[in-house]
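First up is the structure itself, then whatever we jot down about it.
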Amino acid sequence: MSTLTPTAPRQETPSMPVTVRIPSPLRPLTGGASSVACGAGTVREVIDQLEAAHPGFQERIMKDGALRRFVNVFVAGQDVRFAEGIDTVVADGQEVTILPAVAGG
Amino acid sequence: MPPTYQDLLASARDEVPEIQVNDLAPLLEGPDAPLVVDVRETSEWDEGNIPGSVHVPRGFLESRIAGVARPGQPIVVSCAAGQRSLLAARTLREMGFTDVSSLAGGFTRWKQSGHPVRVPRTLSPAQRSRYSRHVLIPEVGEEGQLRLLDAKVLLIGAGGLGSPAAFYLAAAGVGTLGLVDDDVVDASNLQRQIIHATDRVGMLKGESAKVAIQALNPDVQVNVHPFRVTRDNVLDLLSEYDLIVDGADNFPTRYLLNDAALMTRTPLVHASILRFEGHASVFLPYEGPCYRCIFPEPPPPDLAPSCGEAGVLGVLCGVMGNIQANEAIKVLLGIGDPLAGRLMIYDALGMTFTELKVRRDPDCPACGPNAQLELRDYEAWCAGVGRHEHAGAAA
């Protein structure tokens with residue numbers, strides 16, 4: 001019966017958040033969270049959102065307005081160094097991966 | 001009256017030209033060498049055959065010949081004494097192969113006349129049994145298993161990654177394993193370093209691993225290298241091996257190995273681990289990206305804690321070390337798609353695998369076209385980079 005009942009009018013499809021994967025060494029800044037949801041934008045804007053929510057985040061991965069050399073940022077599996085760098089666009093629903101080198105063995 | 005065996009042979013001899021071993025030998029050296037098709041049974045072939053010949057047992061001749069020969073190609077059929085080959089040659093002529101002859105006297109006369117003999121390497125009966133599940137896989141087979149037995153893999157570290165990697169590579173029959181580790185087994189290693197054992201605490205890790213490997217598979221030669229890799233010994237060390245499995249626990253060693261692997265063009269199978277997270281990739285020198293294409297500089301120490309400082313899930317080591325063993329075997333056998341140009345992140349907590357595309361950096365200081373690659377003081381370089389970045393982070 002309920003399946004026949006008209007439901008509420010359809011909403012506009014809500015925008016899918018961007019998921020940022022946080023590597024282990026940065027998790028103390030995110031309260032231990034391994035991923036954080038952000039709004040879409042450029043990589044720079046995503047990092048700004050992270051900084052607003054988790055102060056201190058930005059300076060760990062950026063210096064003088066650029067990504068630090070030991071940090072790689074991937075948008076949807078692609079290295080932003082081979083795209084538009086920190087101005088690379090992160091679209092709705094895409095995954096951002098922050099990848100610092102890990103030495104453990 | 002139906003024809004006897006002798007009648008069949010005689011009629012085949014009327015149809016099929018015969019070639020003498022002393023006439024065949026120089027032909028095989030020349031540019032228009034005929035294809036020698038050996039139709040004996042496998043056990044006969046295994047004891048020796050004519051170099052360059054192909055083996056098609058008589059019972060499979062009709063069904064398999066198209067896979068090895070073209071109809072107009074000069075073919076010499078051989079067997080043990082030159083009789084089965086006459087009948088086989090006649091069959092080939094009936095199948096439209098026009099230039100077919102039979103080797104008079106067969107392999108027996110070839111060998112007696114002092115011509116070269118190739119004795120194919122085969123697995124022993126014990127090895128056929130031990131590696132039967134590999135031999136059954138078409139991509140491996142007996143030939144692949146023999147290749148693994150000939151292969152020499154250098155494992156950097158007999159620790160979290162090196163333990164499972166060495167164990168599985170030994171089980172797989174990789175014939176020579178080099179274990180580089182200057183450390184001794186500690187009780188705190190045993191939560192993850194499964195190649196060691198409680199009663200070997202205090203033993204050099206390489207020696208302890210050797211005990212376990214020899215108990216598992218006596219086919220494997222274990223070379224224990226009880227020292228650290230340095231720029232003074234790395235090139236000599238790598239020259240003895242076909243592939244490196246990097247399970248080092250520090251950045252200076254990882255950068256040193258990367259640069260030395262480029263210099264010696266040795267494939268390097270990378271993995272690194274921390275807590276619940278592992279990275280893995282395969283660096284094929286000058287074919288795909290190298291470690292420094294991805295990580296031109298190491299992070300400062302506070303961003304790169306060691307497992308000794310931050311901990312690591314024991315099982316994670318097993319997953320990542322076995323990914324390394326898997327990739328090593330693929331590279332050694334030349335099968336599948338190695339994890340080159342890709343970096344895999346395994347998150348054991350979320351149970352997710354994330355694949356990142358990694359590329360050669362045209363400005364790579366190690367493998368780029370303008371790189372001036374030389375082995376440096378990696379300890380000082382990593383410490384210097386670390387201090388610099390750390391100061392920047394604190395500023």
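Where a number appears in this text, it was derived from the coordinates with a stated rule and is not lab data. Everything numeric in this text was worked out from a predicted model, so none of it was measured. We place every Cβ from the backbone using ideal geometry, glycine too, and count neighbours over all the protein chains shown.
Calculated [222 nm] ellipticity per residue, helices only, for the protein assembly as shown: -9500 deg cm²/dmol; basis is -39500 (n - 2.57) per DSSP H run with n ≥ 4, divided by all residues, nearest 500.
Amide H to amide H, with H built 1.01 Å from N, B:Val36 comes under 5 Å of B:Val54, B:Val76, counting only residues 5 or more places away or on other chains. For B:Val358, the amide hydrogen comes within under 5 Å of the amide hydrogens of B:Arg342, B:Leu343, counting only partners 5 or more places away or on other chains and with H modelled in the peptide plane.
Using a Förster distance of 22 angstrom, determine the FRET efficiency expected from the C-beta separation of B:Gln6 and B:Gln112, and round it to 0.05. So, using R0 = 22 Å, E works out to roughly 0.40. For B:Glu18, nonlocal amide neighbours, meaning residues 5 or more places apart or on other chains whose placed amide H falls under 5 Å from its own, are B:Ser102.
This ranking places B:Phe276, B:Phe295, B:Phe227 by how few other beta-carbon atoms lie within 10 Å of each, fewest first, which gives B:Phe227, B:Phe276, B:Phe295. Where does the Debye-calculated log10 I(q)/I(0) of segment B:224-376 sit at q = 0.12, 0.14, 0.16, 0.19 Å⁻¹, using only Cα point scatterers of equal weight, no solvent? So the normalised log intensities work out to -0.50, -0.69, -0.92, -1.31.
Projecting the Cα atoms of B:Gly48, B:Cys307, B:Cys290 onto the charge dipole of chain B, computed from C-beta unit charges around the Cα centre, puts B:Gly48 farthest toward the positive end. Taking a straight Cα-Cα cut-off under 27 Å and skipping sequence neighbours fewer than 8 places away in the same chain, the lysines within cross-link reach of B:Lys210 are B:Lys152, B:Lys330. Measure nothing but the geometry: give the 0 to 90° angle between the long axis through the Cα atoms of A:43-53 and the longest principal axis through the Cα atoms of chain A, rounded to 10°. Orientation of helix A:43-53: about 80 degrees from the principal axis.
Using alpha carbons only, the radius of gyration of segment B:157-284 set against its Kirkwood radius gives Rg/Rh = 0.94.
Computed from point charges on the beta carbon alone (+1 for Lys and Arg, -1 for Asp and Glu), the dipole magnitude for segment B:182-223 about its Cα centre is near 100 Debye. Between B:Gly350, B:Gly72, B:Gly206, the Gaussian network model of chain B with springs among Cα atoms under 10 angstrom shows the greatest mean-square fluctuation at B:Gly72. Residues considered: B:Ile65, B:Ile294, B:Ile156. Largest GNM mean-square fluctuation over chain B, using C-alpha springs under 10 Å, is found at B:Ile65.
Considering all C-alpha pairs of the protein assembly as shown, those separated by over 43 Å amount to 38%. With respect to chain B, whose longest principal axis is taken over its alpha-carbon atoms, helix B:84-94 is tilted by about 90°.
Label separation (B:Leu190 vs B:Ser43): 5.0 nm, computed from points 7 Å beyond Cα along the C-beta direction. Taking the C-alpha atoms only, the angle from helix B:205-216 to the longest principal axis of chain B is near 30 degrees. Label-to-label distance for B:Met351 and B:Val119 is 5.3 nm, based on points extended 7 Å past Cα in the beta-carbon direction. The mean sequence distance of close C-alpha pairs (under 8 Å, at least 6 residues apart), as a share of the length of segment B:151-382, puts its relative contact order at 21 percent.
Suppose the Debye formula is applied to equal point scatterers at every Cα of chain B; what is log10 I(q)/I(0) at q = 0.07, 0.10, 0.13 Å⁻¹? So the normalised log intensities work out to -0.48, -0.76, -1.01. For segment B:100-185, the average shadow cast by the Cα convex hull is 9.7 nm², which is a quarter of the hull's surface.
For segment B:130-135, 3J(HN,Hα) computed residue by residue from phi via the Karplus equation (6.51, -1.76, 1.60; θ = phi - 60°) reads 4, 9, 4, 6, 6, 4 Hz, glycine and proline entered as x. Taken about its Cα centre, chain B carries a charge dipole of about 640 debye when Lys and Arg each add +1 at the Cβ and Asp and Glu each add -1 at the Cβ.
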